[in-house]
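Working notes, structure below.
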Amino acid sequence: LEAMCSGEATPHKPDSEARSGGPGGGPGGDVSPPAAKRLRMSLPPITVAPKPRAILGCLCIATDNVMPEEGPAFVSRLRGVELRIQKIRFDSETISADTFYRAAGDISEAARQFMPAEACSVLGLSCTSMSFTLGAELVDKQLRLASPGANTTDMARAQLSALQALCVKRIALVTPYVEAVAASNVRMLESGGLEVVSSATMGLDRDELTTAVTPDCIADWAAAVDCEEAEAVVVGCSAFRACGPNFIDSLEARLGKPVVTSTQAFLWSMLRTAGVNDSVEGYGRLLTNASAKRHMQGACIICVVPTSSAPVHRACRFSAYPASRGHDCPAMSSPGKMRPDRDIETPKPRLEYQNGHRPATASE
């Protein structure tokens with residue numbers, strides 16, 4: 001290798017000729033290939049790329065075909081960051097608690113395929129519903145079986161942390177799930193201190209169906225579920241095509257408030273956990289230049305209220321990331337506005353699918 005790097009390497013002859021001792025079969029024959037006898041090549045030195053700033057180890061479920069498209073497109077905007085993806089084996093396409101628990105043991109097996117897993121700056125489970133179904137403790141246990149000292153995250157925790165960093169308390173939620181899974185998503189968010197003031201779900205039981213929903217349809221559902229009481233809109237599920245370039249920026253401009261999608265929050269969490277604080281334009285307030293700086297300085301992203309002095313505030317009583325102190329968000333407070341006593345009735349737009357038709361169900 002040193003000879004090659006210095007440009008002094010001499011090419012060798014094929015094994016068959018080396019064994020015969022070269023042309024003529026003598027033991028002291030020339031070891032160069034016939035066409036390169038007495039020819040010394042001048043080879044350029046071997047150069048290697050700089051070590052990445054961060055390597056993001058992303059574990060997708062077997063049915064997720066969106067992260068392999070949206071994730072690399074996002075990471076390509078960042079210098080020196082690599083996204084490595086492995087799939088978790090599933091025995092069913094149905095998105096349900098039973099499917100997730102049966103696949104839980106395969107998380108560590110998939111993580112071991114990074115080889116070495118220790119090279120990853122962070123390991124993360126890229127599925128919202130699997131994350132909140134299994135819980136952070138079980139997810140981390142599985143990830144650390146592959147890499148004991150790994151920094152870890154998952155899509156459910158990322159969702160909570162993103163909303164926390166945006167200093168919002170009341171949200172509207174749109175998901176693709178069947179009712180039971182959607183209800184679990186609401187409980188997860190509420191257990192994290194949020195109030196889900198409006199929600200709607202599409203009743204889809206497979207990622208194939210969710211992935212086929214058009215981005216325009218997702219935006220229309222987000223607009224329909226939005227209400228005055230909501231300080232942000234959450235679009236849940238990594239199978240939604242909801243993290244393409246400028247999709248979130250456009251939706252935030254339409255709604256006039258922050259939008260958090262599962263994939264956006266997960267990639268943001270992976271970056272921050274890996275110590276990368278760059279801004280990424282086109283992916284919403286969460287990843288803008290100002291928000292990245294304020295988040296890392298421990299201040300509210302929207303109103304820039306510092307939290308280092310640990311004031312206890314009235315508006316949202318929500319902690320900046322990481323959760324340690326309460327702070328006020330004057331820009332987000334709504335004096336005199338209270339949640340209605342009845343549930344908000346949200347009209348649901350018609351589902352629109354890619355290529356204009358719904359994928360066939362198993363029975364069809």
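Just so you know, the Rg over Rh for region 225-285 is 0.98, from Cα atoms, with Rh as the Kirkwood radius. Projected label points at E228 and T214, each 7 Å from Cα along the beta carbon direction, are separated by 3.2 nanometres.
Here region 79-193 has an Rg and Dmax of 14.9, 42 Å, counting Cα atoms alone.
Fully extending the segment from Y101 to K141, taken as 0.36 nm per residue of separation minus the present Cα-Cα distance, adds 13.0 nm. Annotation: region 161-226 has a Kirkwood hydrodynamic radius of 12.6 angstrom, from the mean reciprocal C-alpha pair distance. Efficiency by 1/(1 + (r/R0)^6): what FRET value for T94 and M41, r their Cβ-Cβ distance, R0 = 41 Å, to the nearest 0.05? Computed FRET efficiency for T94 and M41: 0.10. Using the charge dipole of region 35-89 (Lys, Arg: +1 at Cβ; Asp, Glu: -1 at Cβ; taken about the Cα centre), state which of P68, I46, V81 has its Cα farthest towards the positive end. In region 35-89, that residue is I46. Neighbours of D249, meaning other residues whose beta-carbon lies under 12 angstrom from its beta-carbon, give a summed charge of 0 when Lys and Arg score +1 and Asp and Glu score -1. Carbon-plus-sulfur accessible fraction, region 153-201 (probe radius 1.4 Å, protein heavy atoms only): 53%.
In units of the rule-of-thumb radius 2.2 N^0.38 Å, region 196-244 shows an alpha carbon radius of gyration of 1.15.
On full extension, the segment bounded by E179 and E109 gains 22.1 nm, given 0.36 nm per residue less the C-alpha separation.
For region 173-179, the Karplus equation 6.51 cos²θ - 1.76 cosθ + 1.60, evaluated at θ = phi - 60°, returns couplings of 10, 10, 9, x, 6, 5, 4 Hz by residue, with Gly and Pro reported as x. The H on the amide N of D154, modeled in the peptide plane, is under 5 Å from the matching H of L125, each at least 5 residues off or on a different chain. Region 226-271 and region 187-224 have Cα centres lying 11 Å from one another.
The values are calculated or read from the model by the stated rules, or taken from the named source; none is laboratory data. The structure presented is a predicted model; accordingly, all values stated were derived computationally and were not measured. Glycine gets a Cβ as well: all are built from the backbone with ideal geometry, and neighbour counts include every protein chain shown. With ligands, DNA and RNA removed, areas are computed over all heavy atoms of the protein, side chains included. Shrake-Rupley method; radii C 1.70, N 1.55, O 1.52, S 1.80 Å.
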